[in-house]
Amino acid sequence: MLGCASWRPGGATQVANTPEASTGVRQVSFEENEPPGAEVDPVTVEKKSWWQSLGGSSVERSIRESTGRVVQDKARAKRLYAEAETLYDQGMKAPVDKRDSSLHRAADNFKLAGKYYPESDLEENSLMYAAECYYFLDEYPSAVEMYGKLVKKYPNTKYLDQVGNRRFKLARYWVERYNENPDASLQPNLTDEQRPLFDRFGNAIKLYDMIRLDDPTGKLADDATLAAANANFKQEKYEAADRFYTDLRQNFPSSEHQFIAHYLGMFCKLKMYQGPSYDGQSLDEAGKLAERMERQFPDRVAEHREAIDAAKKEVRAKQAERLWHLATFFEGRQQYGGARFYYFQVIQDFPNSNMADAARERMREIADRPDHPEQKAQWLVDLLDYDEDKDMPKIAPEDPTPRTANVQAP
């Protein structure tokens, strides 16, 4: 297994300070009643298989285990779980470079124990500790897969906080590794068990997303949202970052990260603006975020006054540029009504600017020009717009008032 000189979520530098490393697997009683929905095939119970009749029950069981088609067996599940506990404790107490065998066997036993006793507290614990085995083996993709299976089958699992913590550390680790050495999303990883097969950055963002989606009220939900936004912002993926900042502002109003979501969200909006020829919605939203920060976070705004003022000036300048571009566009098409409208907007919104003076001058020069250019070759336009129905004789519509027959009562 390949190691890494930098910090690892499940590596040796962390194990010494991790409660799981010293205490092992939490002991759980599995004496509860048969779980609902865990049915046993009556044919299997009443009639021995042909393997058993030949004395090959162990072979049959191996085949079933390898194919995943096991029959519920609570006693065997408990034995496997107890063996897995012992192997897990041995592995965690062993030096880092000698724990592989014990933890791999423990993971296999935990997974198999859960299969023999589905829909139970034992299965829930088995899935969690199988994931923990892979986590401390530094086989992070396998750990993520097992955490996902646990949360999918037990959405309200008692391990939800711990799973969120593990996912957060793994996502941060993958992002840090990606920042150190970016790779293409379609470039396969065939050598490092700590990284996903494809798209290290995308899988990290997915992990952050899973934290907030699987546990939206958890203590890490807003942290994960901010981390995903910042990771995308650093990679200049501004549209993706903006989605996370917007989600943080809207869905976590009491989060301590609200100012950062507004502040960096404003710069995201500015970066998303593509120029005067394109839609100006992101530009307007950047200005609104600046105004909102002034009202909601005056103390924090004072700390970043220079940067925020510069951003506000940039927004204003680009908004004026956009109005001027639209005005000149219509003037170039001799649609002077539209040109006058946007020149007037420049004067009204930016009255003290040089651009407003230029707009007044342009309005004086085109004051006597028609709103729309004269239509040339009108006869051709009429021909192309000819509607054969317009020459049909008009037929008066029937009176919609219902008529009552003049029938006299007998």
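Brief remarks follow.
- Exactly one residue out of 154, 159 is under 23 Å from the mean Cα position of the chain (by Cα), modelled with pLDDT of 95 or more and open to solvent by 30 Å² or more (accessible area, probe 1.4 Å), and it is 154.
- Residue in region 271-280 that is within 22 Å of the chain's Cα centre (by Cα) and closer than 30 Å to residue 328 by Cβ present: yes
- Flag if residue 82 is under 23 Å from residue 154 (Cβ atoms), surrounded by fewer than 16 Cβ atoms within 10 Å (Cβ to Cβ) and at pLDDT 90 or above: yes
- Checking 280, 265 one by one, the residue that is at pLDDT 95 or above and not hydrophobic (A, V, I, L, M, F, W, C) is 265 and no other.
- Breaking point among (1) touching a helix residue (DSSP H, G or I) at 6+ places or on another chain (Cβ under 6 Å); (2) surrounded by 19 or more Cβ atoms within 10 Å (Cβ to Cβ), for residue 312: (2)
- The number of residues in region 178-216 that are assigned to a helix (DSSP H, G or I), modelled with pLDDT under 85 and surrounded by fewer than 17 Cβ atoms within 10 Å (Cβ to Cβ) comes to 1.
- Total residues in region 325-352, condition in contact (Cβ under 8 Å) with a residue 40 or more places away in the chain and open to solvent by less than 70 Å² (accessible area, probe 1.4 Å): 2
- Hits in region 90-127 - residues which are closer than 28 Å to residue 200 by Cβ, under 31 Å from the mean Cα position of the chain (by Cα) and buried (at least 24 other Cβ atoms within 10 Å of the Cβ): 107, 110, 127
- Residue pairs whose Cβ atoms lie under 6 Å apart, separated by 6 or more positions or on different chains, with the first residue in region 156-170 and within 15 Å of residue 228 (Cα to Cα) and the second charged (D, E, K, R) and surrounded by fewer than 23 Cβ atoms within 10 Å (Cβ to Cβ), are 164/215.
- If you go through region 128-151 and keep only what is hydrophobic (A, V, I, L, M, F, W, C) and under 24 Å from the mean Cα position of the chain (by Cα), you end up with 128, 131, 143, 144, 146, 150, 151.
The values are calculated or read from the model by the stated rules, or taken from the named source; none is laboratory data. Keep in mind the model is a prediction, meaning the values are calculated, not measured. Glycine gets a Cβ as well: all are built from the backbone with ideal geometry, and neighbour counts include every protein chain shown. We work out accessible area using only protein heavy atoms, side chains counted, and drop any ligands, DNA or RNA first. Shrake-Rupley method; radii C 1.70, N 1.55, O 1.52, S 1.80 Å.
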